[in-house]
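Every read-out reported here was derived from the displayed coordinates using simple, explicitly stated rules and does not represent laboratory data. None of these values were measured; they are calculated from a predicted model. Don't worry about glycine lacking a Cβ; one is built from the backbone with ideal geometry, like all the others, and counts go over all protein chains shown.
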Amino acid sequence: MNRFSYLRASSVSEAVEAVAGDPAARFIAGGTNLVDLMKYDVERPGRLVDITRLPLNGIEKTPGGGVKIGALVPNSDLAYDDRIRRDYPLLSSAILAGASAQLRNAATTGGNLLQRTRCYYFYDVGTPCNKREPGSGCSAIGGETRIHAILGASDSCIATHPSDMCVALSALEAVVHVQGPRGDRTIPFADFHRLPGDQPEKDNTLEHGEMVTAVELPAPRFGRHHTYLKLRDRLSYAFALVSVAAAIELDGDNIGKARVALGGVAHKPWRDADAEASLKGVLPSSSAFADFADRLLSGARGQGENDFKIELARRAIVRALGQAASGTPQVQSVKQVN
Amino acid sequence: MAQAQAAATSVTLTVNGEPKTLDVAPWETLLDLLRERLRLTGAKKGCDQGQCGACTVLVDGRRVNSCLQLAVMRDGCEITTIEGLGGPDELHPMQAAFVKHDAFQCGYCTPGQICSAVGMIREGHAETSDEIRELMSGNLCRCGAYTNILDAVEEVLAERNAPKLEAAE
C-alpha cells in the first residue's frame, strides 16, 4: 500500500471540502473495496478522509411514504432492517446475494454504489487498462472475457459493475442524495452510473469531492411480486455472471407495471423503460417474458468467451419474471432455481 | 475538531477486554496490528484481500475481515480475537464443538471460522443448515472440512436455542 495522510472528518461539509480541494484525496467508509484496491496499487490516494463518524446511519421514513437510507448504513443492517424486509424485500434479497456476511457487516450503502469493477485487467497493474490508466488501452478486449459486458460496452472498456444491491436499487428507481462543493443535489438511479464510452475511468456521474449522503426509495408498490435471481460460478460468495432484479405490479391478472434490471452484463445496472412498458396489460406467460427478454437484450454482443451470457441472461429474465409474477421470490440460501 | 495525520496517530482499542493504546500509521491494517504489534497471531493472513475469511475477528461484536480494516479507523472499538473467545483451559463452546466434530484439518482457517460462527450466531439470522452454509460462505476451508464445520456450528446453535424452546413450552 502507498503512503497517505489520514483525516477523520467531523462534518459532511468538512469531508467534502477536504476531498474537493485535493485531487489525490478519497473518501473512505467501510473500505472493503478501496483498501483492497490500495493493496493492489490500483488506487493510490494521497489522503484518505474517514467519513465513518458522520451521522449518516439512519433509515428514515419520507413524507412520500418511502424511505431515506443514510450512506453509512451497513449493508447487513439494511438487508435485515424490519421495514426494508417488509416493504422492499427485493432490496434485502439482492444485498444478501452479494459478498459475504463479514463484508456486508463492514460495507456501507454509499460505498456499495461506488464499488469498482472486478475486471481482471483493471486489478492487474501490469496490463494496460483504460479505466485504471486512461489512454493505455483495454486488455480485456481479445482477452479473458467470461465476466465482461454484453451490453453497452465500448471500444475502450468492456467492464461490468459488480454490485447486486445496485441492481435492485435500479429496479426500485432509487434516488441518490449527494453533497458536493457546490451544494446538494439528487440523482435518479438510472443517471448515477454511466456507460464507459470513451471515458471508462468515470464509473458514475459524481464530480470529484461529491459525497453520497443517502439513497432514497419511493413508496413500496410491488408486494410479494419480486425476485432477485443471481447466477454465478459458485453457489455463494461470487460475483454475478448474470443477475436479474424483477418487480411486477399486477392489475387483475395482467401486468400493470414491470421493472427489470440486469446485473453482471454492463457497466451499470441495465434497464430498458420502453421494453418494460411493452409488458403493460400483458397476461404473465413464459412466451410474453421471452419476448420481453429479447427486447431487453436487443443489441447484446458477446466478446467470444462470454457469448454464453446472452442466452443465460435471456433464460434468467424469463425465470425471474415467472418468480415475480407468481409471488415466489428466489430465497438466497436456497440454491435451486424454480 | 478534525486532525490530519500523515504519520502515526494514537489509537485506543479494547482488545479481548484489555485497553491498548498504540501509535499506528494510517496504512496499518487491524490484522497487522493484532499480529505484529500485539502478537495475537490467531487471526491469520490468508489472502489479505477479504476473500478467504481467515482474518475474521469481532469488532464491537460484529464479524469483519480484519485485513480490510485500517486500524486508525477503529479507534475506540472493542476487538475480540480467537484468543479472547477462550483458551486451552476454558474453551468457548464453539471451540469445543470444533474439537469434538474434528472441524479442521490443517487448522489455518479455524480461528476465522470460529470467530465468524460466533458472530453469525449473535446476528441471529441462521436457523437451517442451508442458512448456516450461506452465512458462513465468507470463510473458505481449503482442506474441505466444511461438513464437520457445519456439524459443529449446528450443535452450538441447537444448544443455544434449546433453552428458548424449553421456555416456550
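Using alpha carbons only, how many angstrom separate the centre of the range A:141-192 from the centre of the range B:80-143?
The range A:141-192 and the range B:80-143 have Cα centres separated by 36 Å.
Within 10 Å of each Cβ in peptide A:177-186, how many partner chain Cβ atoms are there on average? Round it to a whole number, please. Each step should come with its number before you reach the end.
Numbers: counts 0, 0, 0, 0, 0, 0, 0, 0, 0, 0.
Taking all residues of A:177-186 together, the mean is 0.
So how tilted is helix A:308-326 from the main axis of chain A? Cα-based, degrees 0 to 90, rounded to 10.
60 degrees
So what's the back-of-envelope 222 nm ellipticity for chain B, counting only DSSP H runs of four-plus at -39500 (n - 2.57) apiece and dividing by all residues, rounded to 500? All intermediate terms of the calculation are to be shown ahead of the outcome.
Details: 5 runs with 56 residues, N = 169.
After summing the helix terms and dividing by residue count, I get -10000 deg cm²/dmol.
Hey, what's the per residue convex hull volume over the C-alpha atoms of the range B:9-161, in cubic angstrom? Please list the in-between numbers first.
Numbers: hull volume 15.8 nm³, N = 153.
Given the Cα convex hull of the range B:9-161, per-residue volume reads 103 Å³.
Given points 7 Å out from each Cα along the Cα-Cβ axis, report the residue B:162 to residue A:133 separation in nanometres with one decimal.
Using points 7 Å along Cα→Cβ, the separation is 6.1 nm.
Distances over 18 Å make up what percent of all Cα-Cα pairs in the range A:169-276?
Here the long-distance tail beyond 18 Å is 59 percent of all Cα pairs in the range A:169-276.
Pull up the DSSP beta bridges for chain A and report the antiparallel fraction as a percent, rounded to 5.
Values: 37 of 45 bridges.
That works out to approximately 80 percent antiparallel.
Return the single residue from B:46, B:107, B:138 with maximal mean-square fluctuation; model: Gaussian network over chain B, springs between Cα atoms under 10 Å.
Top of the fluctuation ranking is B:107.
Give or take rounding to whole Å, what are the principal axis extents of the alpha carbon atoms in the protein assembly as shown, in descending order?
68, 62, 50
I'd like the mean, over residues of A:101-111, of how many other protein chain beta carbons sit within 10 Å of each residue's own Cβ.
Numbers: counts 17, 19, 7, 4, 11, 9, 3, 0, 0, 0, 0.
That works out to 6 on average.
Would you mind ranking B:92, A:208, A:193 by Cβ crowding within 10 Å, fewest neighbours first?
A:208, B:92, A:193
Per residue of B:70-80, what is the mean number of Cβ atoms on other protein chains within 10 angstrom of that residue's Cβ? Display every interim value, and only then the final one.
Details: counts 9, 0, 4, 11, 1, 3, 1, 0, 0, 0, 0.
The mean count of partner-chain Cβ atoms within 10 Å per residue comes to 3.
So how do B:47, A:129 line up by other beta-carbon neighbours within 10 Å, fewest first? Before the final figure, lay out each step's value.
On the way: B:47 16, A:129 26.
Ordered by Cβ neighbours within 10 Å, fewest first: B:47, A:129.
When a footprinting reagent is the concern and you count Cβ atoms within 10 Å, what order do A:51, A:147, A:310 take, fewest first? Don't jump to the answer; show the numbers that get you there.
Numbers: A:51 29, A:147 24, A:310 16.
Listed from fewest to most nearby Cβ atoms, that is A:310, A:147, A:51.
Applying 1/(1 + (r/R0)^6) with R0 = 30 Å to the Cβ-Cβ distance of residue A:253 and residue A:291, what FRET efficiency is obtained, to the nearest 0.05?
On the way: r = 18 Å, r/R0 = 0.60.
Plugging the Cβ-Cβ distance into 1/(1 + (r/R0)^6) gives 0.95.
As I understand it, the value is the acute angle between the Cα axis of helix A:286-296 and the longest principal axis of the Cα atoms of chain A; what does it come to in degrees, rounded to 10?
30 degrees
Compute a Gaussian network model of chain A, connecting alpha carbons closer than 10 Å, and tell me which residue from A:101, A:18, A:313 fluctuates the most.
Looking only at A:101, A:18, A:313, the biggest GNM fluctuation is shown by A:101.
Given the range A:175-232, what whole percent of its Cα pairs are spread farther than 14 Å? Please report the intermediate quantities before stating the final value.
Working: 1098 of 1653 pairs.
More than 14 Å apart: 66 percent of the Cα pairs in the range A:175-232.
Give the peptides B:120-130, A:22-32, A:164-174 in descending order of average Cβ contacts within 10 Å, highest first. Could you put the intermediate results ahead of the total?
Working: B:120-130: 15.4, A:22-32: 20.6, A:164-174: 26.9.
Taking the mean over residues of other Cβ atoms within 10 Å, the ranking is A:164-174, A:22-32, B:120-130.
Provide the packing ranking of A:218-226, A:111-119, B:82-90, i.e. peptides ordered by the mean count of other C-beta atoms within 10 Å per residue, highest first.
Numbers: A:218-226: 17.3, A:111-119: 22.8, B:82-90: 14.6.
The peptides rank, most packed first, as A:111-119, A:218-226, B:82-90.
Over the range A:239-338, what relative contact order in percent results from Cα pairs under 8 Å that are six or more residues apart?
On the way: 138 pairs, mean separation 26.5, N = 100.
Reported relative contact order: 27 percent.
For a quick check, take a GNM of chain A with Cα springs below 10 Å and name the residue from A:63, A:181, A:55 with the largest mean-square fluctuation.
Taking springs between Cα atoms under 10 Å, the residue moving most is A:63.
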